[in-house]
Structures are given as structure tokens and as C-alpha cells.
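K.L.:
Take a look at this one; I'll ask things after.
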Amino acid sequence: MGIGYLYYTIAPTLPDVQQLREVQLQMPLRIFTADGDLIAEYGEKRREPVMISEVPESLKNAIIAAEDQTFYSHPGVAWQGLVRAAFHLIKTGRKGPGGSTITMQVARNFFLSNERTYDRKIREIFLSFKIESELAKDEILELYINKIYLGNRSYGFAAASRVYYGKSISELEIAESAMLAGLPKAPSRYNPIVNPERALLRRDYVLGRLLALDLIDQQSYDAAKASEVVAELHYAKPEAEAHYVGEMARLRVEQLFGENWANAGYKVFTSIRSADQRAANKALRNALYDYERRHGYTGPIAQLDTGTLADPEMLSERLEALPNPGDLVPAAVVSLQDDTALVVTETGTEHTLPFEDIEWAKQRISIDRTGDEVSRVEDVLAIGDVIALQQHDDGGVRFVQEPAVEGAFIAMQPDTGEITALVGGYDYYRSKFNRATQAQRQPGSTFKPFIYSAALNAGDTAATIYNDAPVVFHDDALEGEWRPSNYSGRFFGPTRLREALVKSRNLVSVRVLREIGIPYAVEYAQRFGFKAGNLPPDLSLALGSASVSPMELNSAFAIFANGGYKVPAHFIVRVEDPRGNILYSTPKVVFCDDCDPNFANPLDAELDAENPASQDSEPATGAATPDDESLAALRDEDATAEESAAASIELKKVLLDTVDAPRVIDERNAFLMTSIMREVVQRGTGRRAGEALKRRDLAGKTGTTNNQLDAWFVGYTPSVVAAAWIGSDGLDPLGRGEAGGVAALPMWTSFIADTINGTPEQELAVPPGVKTVRIDRKTGEPAAGDNTMLEFFLEDNMPDEEAILRAEASGQSINGEPVMMDKTRSEKAEEVEQLF
């Protein structure tokens, strides 16, 4: 009677067991590349939910043997255990262990607290009966296997298998299964890493129970009992080094889903390509190491005594304790002979460095001054020196030093805006500041294309002549007189617009800006996404005195690459819940010729998420903004699938299928600028890239700021646009000769060589409304004969028709070829090649 009364009193207050069928367990946030490689994992709880069919029999048996040997026969409660617990209470006067079945643990872990009270225990018993009446045994066991805490932030046996053994749950051996099955009783006390002796005793107890219950045979028992404790911590290791992207994605998910970002098990798939990211990391670090080698050696990392060198174990410990930023490996010099150095790493691996790999290391006296030439290895190294090695993929090494300067690199598809590679600095753990998106730097000459594009839009042509000669400007904004000069210090007289940009002539750029007007240029530059407040309203703008981030500059060049459309840069493809349901999908970018070029693009919110100032602002149109009820459901540690689905619906309401990329410059303007910047790579300041890559579909522009504070190269093909930057966080000069074509261009070249080189070249198609005229190279006027070239003109901005007729009538045409060409598109494409 009493038990029946209790049941009918408590039963109505018990939770709905059916929720357990659709429970969503707390799981970490995981970020992946487009190829499915793990970038980062965030969250306090490690969990990998599995289905019961994925759990090996050895583990199921071990759990039952350790926790509940009558699991498959009892109705949810093991009366024998309860009797033992009651006897313990009567005998000692204290509540003791015992009596909790797997079903009771599921009831407690999912619905009740861990407080040890009679009321909680009674509710646990009745709830267990209810669970058993509505769920199958394997369903209950599956819930237990996925929920239970097993130490070291691992929840569930699949996560514990990864954490302790670095393997999938399906790969567990009998001894490992027994070890994990022994953890629920006391995860700290029986932790095989912290307390291997106690853990061994507990494992052997579980093995003994397996043998006693005939769940394993004697031979398996003996073999498992003889095995050593091999557990060690295995954290989720990123498969793609893209830490800056991982943090960007985390911030975006927090922006989309609020406080639940760390525990709902979201999977974020980015547009980052694993191979491109590897190429970007390598390119940036090689560029920084090469920069350091050009400016001399700053000395060893540390000095070790002969006693340490003679003791391999002590040597390994000392080297392991040293920092290893980037891809550097500390190594100790143990021998010098025959103009070589023998070095040893912490793993005991030996490498022989030839003199050719050491002779760069002249003493650095200052950034622009080094010591005497190195004539022998002993001039640089001594036995006991600890130096830095860069490890190559093939196992080889080279002697380098940790760079004091920084860099950034971005690559994206100009037609879609998808970022395929991003590196925000030399080493994320050395500095988490993301220079690719957050650094505001002067662009130098990489800003000139926007001034020249403005000039073409204002009526200039690629053949317009400007005088490259000394000039003094009186400009109040520049605090008096200003005497700009070319980088070379030389002057070249009358110069065509095309030639001026190819050779990056500063004086011509200043004259162009003065001619078109500063207000017009500032307004025009904003079409490319530059902020008005970062564009100084004076003539220095022509030489790149604006403030821009590498991301902004890269996105601006994408407009030239895609034919004139402002495409929003973005890096998230989709966000999934643990079941694979898509919660957020980036809208498809669609070119739009008649859209408002100034509209706020919702995809800009992805990059704004990294800007703390933007996080207090109103969400952009199209950004996912779940309501309070949805967020409440998501914040629930073990929200049901029904609640999660409701929250997902709220998210999907604000998602867009497409987003417009408005046209911001004329297609013909973009074509002319690309034709000029292809020449920059073929014969101008970026020619080293053209020489190295041997492609004719590369366009771009170098950039260097005053005192070599910044070195840039931004370049593109029809399929990729990429920006490379090198500079000092502290605004220290890079040193004499460190122009964009020297410091930054090799980074860009290396990336292109590793990613698109070897793919078919893409011709530059001539758009409608462009005509070809033969001009004099010196005057830019229509001409025929020697010292002439083909030039492109907009059909509504052609040279004077009479000038064209005079040139054709002069009888100087070669083989009767007319001065003005009016041919088919394929014929025009052939003529494009003549320009390069």
C-alpha cells in the first residue's frame, strides 16, 4: 500500500521519458576545412555520441561486468543492491554506495541531481521503472555510454577512447575496454594517467568480473591482464593549421547562436582548402625566414654546457623546454668539423649543416648593417649553441632564426568571395592578433591602381601622357611643402598612364590624383570598400597613405579580377548540428549589374564578428538572430531534438538563398586595369613572379611604404586573388631594400606556385565596347611603324579620329596594317598577348 501510494503520488511529477529518445548531448564546437580536416575544437566537454551498434562487444560486456551484471534481466532496479545499501545504512547509520543500476544512473544523470537524499533516491527508483517500461535495454545502454563522465573532460566512452588511447571506440582492445569501464565508479581515483597503479587494480578487477561471468575466456583474460597501462592524453589535434580562421569561425558562431556556441556540438565547415592553407603557411614563414637571413644573425637561442651535451636524456629535456614557435625545431650544436656543423634535436635526430647553409649568418649590428663575411663555420657557431632549424616536408632542415617581423596572407576566389587560405601572423600562439583582418596599415603603391582606375573613369586613357618630373606641392594638409620622388630617385619625363603604373612612378601618380581631384578620388575609392575615414584627403593618397587591412585590400583587388563586382569576402560555408542538420548556410553570391552598390551586404557580418566594436551594433540583415526562446532551448545542456529543431527553424527564417554582388566599376575599366597589371608582373615591379611562374595570366601590384615600414604584393588570376604583407607590429623599418617586390612578392609567388601553377592559363577576354589602336610608345598618339604598340581604348573615349586617319594616311603602316583594329573577340584576344 505504501509503495503504491508513493508511486501514484510521484508518478505525475516524473519527466517525460520519451525526451531521452531525442536528447541532444552537450558537445564541443568543431571547425573544419572545406576538405573536412579539423581546424579547431572549442568547448569544455569532449563528447562523441555513438550508436549502440558502433560499440564493440568487449566494451559493452566490460561496462555490464563493472557496473550492472544483471542489466539485461532486472526491471530497472536491482533489489539485491538496494538491500545491501539498506543494510549498510542500518549497520553504520550512514548512506553508503550500492544499488545503482545502469538505468538508475541514466535517470540520475539526465533528469536528477547528484544530491544524496531519500527523496532523490525514491524518485530515481520510480523513474528507472518508467524508463525500463518505455525504452529498450540497448537504448538505455546507449544513453549511458554517451553520457557518463570519464575524466579529463571526456564525456562518454567514445570521447574517452580518443582522450586516453587516441583511437576510435570500435578499435578498443579488451584491456582498454576494461580500463575505461572501471572509470565511472571514480574517474579521478582510477584515472590511468594520474593514478596508473590504482587504475591497473581497477582494470584487473573488471577483467576478473568478465572472466567470472564467462564474458571472456581464460586465454583472453591472461593476455589482457599481462598488458601494461598504455593510456596517455590524446587531445584533438588540428589536421589543418589555420588557428586564425578557427578563432574567426568561433566568433561568427557566437554571433549567430549566442552563448550556446561552445556546447551544442556545432560543426562549422569553412571555405578554407587544406592544401591552400598549407601553401600559405609555408609561403609566409619562408618569406619571413628569408627576410631574417638577409639581415644577419642575432645569436643562439641558448647555450648548453658539455655535461648536458654528454647526457642524451638531459639534452632532450633541455631542448624540449625551449619554445618552438612556428615550424621551428631547437637543435644543439654538438660538433664542428670540415666546415659543417652537426646538430641534434630533442628527439635525438642528427642533422649535418653544410657551410652553404651557415654563411648567411653574418652578425647583425643593426637592421641595415651586418658584420664581416662568414668564412668558416666557427665564425658563427660554437659547440653548445642552441639554434633554430626549419623542418622541411621531406625531412631536411635549414638553419634559420625566429623572425622579429610579422606577416599576413589571404587568398580568395574573386567570383564568390570564398576565402581559401588565411594566415594572420607567423604563429598564432606567439600573437593572436589577426593581421590579415585587423591590422590597419598603409598600402603604399598597392593603392595606385584605384587612383588610375578613377582616372580612366574620369576620362583618361591608358595612353594619356603625364610628366614624370620633379615637383613641389604646397599643401596645407601636408603641413607645407611636399617634394615627392620616385623610389629610384630618377625622373623619366612624359610617361603614358600604362607605363607609369607598370613601373610604379610616384610622381605620375601624384599628378594623376591632382588632375582628377582629391574629393573625386576619395569618393571613387569607396566603391572598392575602403572607408572614407581611412582615406586622407590630400595628395599623399596617391602614394598609399590610406589605412587598410590586408583583407580590405585583397577584396578591393577582387573587383578588378572579377570584372567589376564588389563580392563580400567570407569563409563559412555552413554550420551543422550534431545530427547533420544545416543550421546556417552562406547565401550564394550573385553578380548584379543594376543593384545599389552601397547596400549593406549581410555576409560582411562574418568579418565584422572579429571586430569588437561591431559586436554591440545591430545585426546585419540576413544574419541569424534567434529569439530568446530559441536561445533558451539551445543553452539547455541536454536540449531535446524537438527544442533544437525549433531553434533551428528560427535560425532558418532569417537565412538568405542568395546575396547580390553589385557592379561598382565598368567591366571595361576592370579589363584595362587588369591588362596594365598583367604587365606589372611581366615586365614591371612584379616581374620576379612572372619570371618564376612563367605564366601570362598573372596580374598584380607591389607596394612599399615610407622607410620600408610595410612591404606588399597583391595579385590575381581569374580564379584567385591573394594579398601578401610583411611589416613590424611596432612600426620598425624593415630595412634598406625591403620593397614589396623583395620582401612580400616571394610569399605570393610561392603560394601561386604550390596552388595554381601547372593549371591551364586563362586568357583575358576583351569585353564589348573596347577597341584596339596602334599608338606611338613615346607620345601615346595614334601611329604606325617603328616604336609603336597596340593599346586598348573604350569606344566612347577613343583618340581623335582625325589623328587616327592622319596616322593611317602617313604611309608608315607596316604591311598596310591599319592603325585602328576592329576585329572579332578571338582576334582581339590574340592581340592582348602582344601587350605583354
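The values are calculated or read from the model by the stated rules, or taken from the named source; none is laboratory data. Just so you know, these numbers come straight off a predicted model, no measurement behind them. Ideal geometry is used to build each Cβ from the backbone, glycine not excepted, and the neighbour counts take in all protein chains shown. Ligands, DNA and RNA are stripped out before the accessible areas are found, and what is left, the full protein with its side chains, is counted by its heavy atoms. Shrake-Rupley method; radii C 1.70, N 1.55, O 1.52, S 1.80 Å.
K.L.:
Label points 7 Å out from Cα along the Cβ direction at residue 707 and residue 218: separation in nm?
P.N.:
Taking the two extended label points, one gets 8.5 nm.
K.L.:
At 1.4 Å probe size, what's the solvent-accessible area of residue 306? Round to the nearest 10 Å².
P.N.:
Solvent-accessible area, nearest 10 Å²: 110 Å².
K.L.:
Now for a different question. Sticking with the crude label model, points 7 Å out along Cα→Cβ, report the distance from residue 430 to residue 349 in nm, one decimal please.
P.N.:
Using points 7 Å along Cα→Cβ, the separation is 2.0 nm.
K.L.:
Report the Cα-based extents of the stretch 667-752 along its three principal axes, largest first, to the nearest Å.
P.N.:
40, 26, 21
K.L.:
Taking the Cα centre as origin and putting +1 on Lys and Arg beta-carbons and -1 on Asp and Glu beta-carbons, what dipole magnitude results for the chain, to the nearest 20 debye?
P.N.:
In debye, rounded to 20, the chain gives about 1580.
K.L.:
Still on this structure, please answer the following. As a test of reading the structure, rank 594, 276, 339 by solvent-accessible area (1.4 Å probe, protein chains only), most first.
P.N.:
Largest accessible area first, the residues go 594, 339, 276.
K.L.:
Roughly what angle does helix 243-257 make with the longest principal axis of the chain, taking Cα atoms, 0 to 90 degrees, to the nearest 10?
P.N.:
70 degrees
K.L.:
With all protein chains present, calculate the accessible area of residue 418 using a 1.4 Å probe and round the result to the nearest 10 Å².
P.N.:
Surface accessible to solvent at residue 418 totals approximately 60 Å².
K.L.:
Next up: Using alpha-carbon pairs under 8 Å, 6+ residues apart, how would you state the relative contact order of the stretch 664-785 in percent?
P.N.:
About 22 percent, as a whole number.
K.L.:
As I understand it, the dipole of the chain uses +1 on the Cβ of Lys and Arg and -1 on the Cβ of Asp and Glu, about the Cα centre. Which of 780, 212, 146 lies farthest toward its positive end?
P.N.:
Working it through, the farthest residue towards the positive pole turns out to be 212.
K.L.:
Also, quick follow-up: Considering only protein heavy atoms, what is the solvent-accessible area of residue 185 at a probe of 1.4 Å, reported in Å² to the nearest 10?
P.N.:
Spelled out: residue 185, probe radius 1.4 Å, area about 130 Å².
K.L.:
Note the direction-averaged projected area, equal to a quarter of the hull surface, for the Cα convex hull of the stretch 176-231, in nm².
P.N.:
Computed as one quarter of the Cα hull surface, the answer is 3.4 nm².
K.L.:
I would also like to ask the following. What size of dipole, in debye to the nearest 20, comes out for the stretch 231-340 about its Cα centre when the only charges are +1 on Lys and Arg C-beta atoms and -1 on Asp and Glu C-beta atoms?
P.N.:
720 debye
K.L.:
What's the magnitude of the charge dipole for the stretch 433-587 around its Cα centre, counting Lys and Arg as +1 and Asp and Glu as -1 at the beta-carbon? Answer in Debye, nearest 20.
P.N.:
My answer is approximately 480 debye.
K.L.:
What residues have an amide H closer than 5 Å to that of residue 592, excluding those fewer than 5 places away on the same chain, when H is modeled at 1.01 Å from N in the peptide plane?
P.N.:
Result for residue 592 returns 661, 663.
K.L.:
Per 0.36 nm of contour for each residue apart, how much would the distance between residue 185 and residue 321 grow if the chain were fully extended, relative to their Cα-Cα spacing?
P.N.:
Contour length minus the Cα-Cα distance gives 45.3 nm.
K.L.:
Additional query: State, as an integer percentage, the relative contact order of the chain based on alpha-carbon contacts under 8 Å between residues 6 or more apart.
P.N.:
Averaging sequence separation for qualifying contacts and normalising by length gives 12 percent for the chain.
K.L.:
Shifting gears a bit: When the accessible area of the chain is split by element with a 1.4 Å probe, what percent falls to carbon and sulfur?
P.N.:
Percent of accessible area from carbon and sulfur atoms in the chain: 48.
K.L.:
If you don't mind, another one. For 565, 452, what's the largest-to-smallest order of accessible area, 1.4 Å probe?
P.N.:
565, 452
K.L.:
Give me the 1.4 Å probe accessible area per residue for the chain, excluding ligands and nucleic acids, in Å².
P.N.:
Using a 1.4 Å probe on heavy atoms only, each residue of the chain averages 44 Å².
K.L.:
Over all distinct alpha-carbon pairs, what is the Kirkwood Rh of the stretch 458-542 in angstrom?
P.N.:
Hydrodynamic radius (Kirkwood, Cα pairs) of the stretch 458-542 is 13.6 Å.
K.L.:
From the convex hull of the Cα coordinates of the stretch 203-297, what is the mean projected area in square nanometres?
P.N.:
Quarter of the Cα hull surface area: 13.2 nm².
K.L.:
Please state, rounded to one decimal and in Å, the Kirkwood hydrodynamic radius that the chain gives when every pair of distinct Cα atoms enters the mean of 1/r.
P.N.:
31.6 Å
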